[in-house]
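For reference, the structure discussed in these notes is given below.
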Amino acid sequence: MNESEQSRQHVLTQIEQACLRVQREPTSVQLLAVSKTHPSQALREMYAVGQRCFGENYLQEALTKIDELQDLDIEWHFIGHVQRNKTKHLAEKFAWVHGVDRLMIAERLSSQRLSSQQPLNICIQVNIDGQDSKDGCQPAEVIELVQQMSQLPNVRLRGLMVIPAPENKAAFADAKTLFEQVKSQHAQPQDWDTLSMGMSADLETAIAAGSTMVRVGTALFGARDYSNI
Ligand SMILES: *Cc1c(COP(=O)(O)O)cnc(C)c1O
């Protein structure tokens, strides 16, 4: 086994064990490989050992990699902060955008998605633990945003994305409660199936709380060097 395969297998085993501990199906949690700051070659190696979904945070860096890796059938997820003036590239080049926290951003993504493409998958980012420095809408805004965003023609609203402080276990549970609350609404969106929660350091906590997609960078690719980008 090469290094990429070893680290990926290690993370997959962690996911599986975390699921088994709380009687969840291991297949109910998807692994998103967070590749920001890592060169295209690192993604190519991870792809070669079976990884298909990759998450990027910085648009310019992501566009370069998308171009360099065109020959691979990668599912690209944008997990960074969404700026209003960058939505066109996101709408055209990605399969998923996780950090949608305002109606206007969802509207722009929907209108800029090409009609020749499948609808863009989006998640509403929620500031679940009320951190000042963080992006995301307030929990109390979610129900209304769901109603509005699920009317848009070229996006598929899939669920919620949160980044709780790793030690704040209650926040993981709050995210799950909110996720379920939308599900139990009369007019729940058709494809409401994704709770994007958990990173390298807290994926077990996240899975125990009900995450369906963990976004893992460091545990797969090693430490990041931001001077590369
Ligand atoms: C960078 C990043 C991750 C990955 O973090 P690791 O701790 O390296 O696993 C996950 N989610 C978001 C939103 C990120 O920006």
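A compact table of results
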item	result
Residue within the stretch 23-34 that is farther than 17 Å from residue 196 by Cβ and among the hydrophobic types (A, V, I, L, M, F, W, C) present	no
Unique match (being among the basic types (Lys, Arg), in a helix (DSSP H, G or I) and either within 16 Å of the ligand (Cβ to nearest atom) or closer than 25 Å to residue 162 by Cβ (or both)) among 108, 24	108
Among (1) out of contact with any Phe, Trp or Tyr (no Cβ under 8 Å at 6 or more places or on another chain); (2) closer than 30 Å to residue 173 by Cα; (3) touching a residue at least 12 places away in the same chain (Cβ under 8 Å), the one test that residue 132 misses	(3)
Given (1) out of contact with any Gly (no Cβ under 7 Å at 6 or more places or on another chain); (2) surrounded by fewer than 16 Cβ atoms within 10 Å (Cβ to Cβ), index of the condition residue 45 fails	(2)
Residue that is nearest to the ligand (Cβ to nearest atom) [pool: residues in the stretch 67-78 that are over 22 Å from residue 161 (Cα atoms) and outside any helix (DSSP H, G or I)]	69
Of residues in the stretch 11-36 being of a type in the set (Ser, Thr, Tyr) and exposed (fewer than 12 other Cβ atoms within 10 Å of the Cβ), the one farthest from residue 203 (Cα to Cα)	27
Among the candidates 223, 175, 171, residue that is of a type in the set (Gly, Ala, Ser), within 16 Å of the ligand (Cβ to nearest atom) and closer than 26 Å to residue 61 by Cβ	223
Complete set of residues in the stretch 90-105 that are within 16 Å of the ligand (Cβ to nearest atom) and over 12 Å from residue 123 (Cα atoms)	90, 94
Failed criterion for residue 210 (all others in (1) more than 16 Å from the ligand (Cβ to nearest atom); (2) without any contact (Cβ under 8 Å) to a residue 12 or more places away in the chain hold)	(2)
Residue in the stretch 30-37 that is under 26 Å from residue 208 (Cα atoms), in contact (Cβ under 8 Å) with a residue 60 or more places away in the chain, among the polar types (S, T, N, Q) and more than 12 Å from the ligand (Cβ to nearest atom) present	yes
Enumeration of residues in the stretch 178-207 that are more than 13 Å from the ligand (Cβ to nearest atom), surrounded by fewer than 18 Cβ atoms within 10 Å (Cβ to Cβ) and of a type in the set (Ser, Thr, Tyr)	184
Matching entry among 87, 64 (being more than 16 Å from the ligand (Cβ to nearest atom), out of contact with any Gly (no Cβ under 6 Å at 6 or more places or on another chain), over 18 Å from residue 155 (Cβ atoms) and at pLDDT 95 or above)	64
Matching residues in the stretch 160-177 - criterion: being crowded, with 19+ Cβ neighbours inside 10 Å and either hydrophobic (A, V, I, L, M, F, W, C) or touching a His at 6+ places or on another chain (Cβ under 9 Å) (or both)	160, 161, 162, 163, 171, 172, 175
Residues (at pLDDT 95 or above, out of contact with any strand residue (DSSP E or B) (no Cβ under 8 Å at 6 or more places or on another chain) and surrounded by fewer than 18 Cβ atoms within 10 Å (Cβ to Cβ)) located in the stretch 119-140	140
Every pair of residues 6+ apart whose Cβ atoms lie under 6 Å, when the first sits in the stretch 50-72 and is within 27 Å of residue 10 (Cα to Cα) while the second is away from the ligand (no atom under 12 Å from the Cβ) and among the charged types (D, E, K, R)	52/75; 53/75; 66/93
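The values are calculated or read from the model by the stated rules, or taken from the named source; none is laboratory data. In this text, all values refer to a predicted model and were calculated from it rather than measured experimentally. Heads up, the Cβs are rebuilt from the backbone with ideal geometry, glycines too, and the neighbour counts pull from every protein chain shown.
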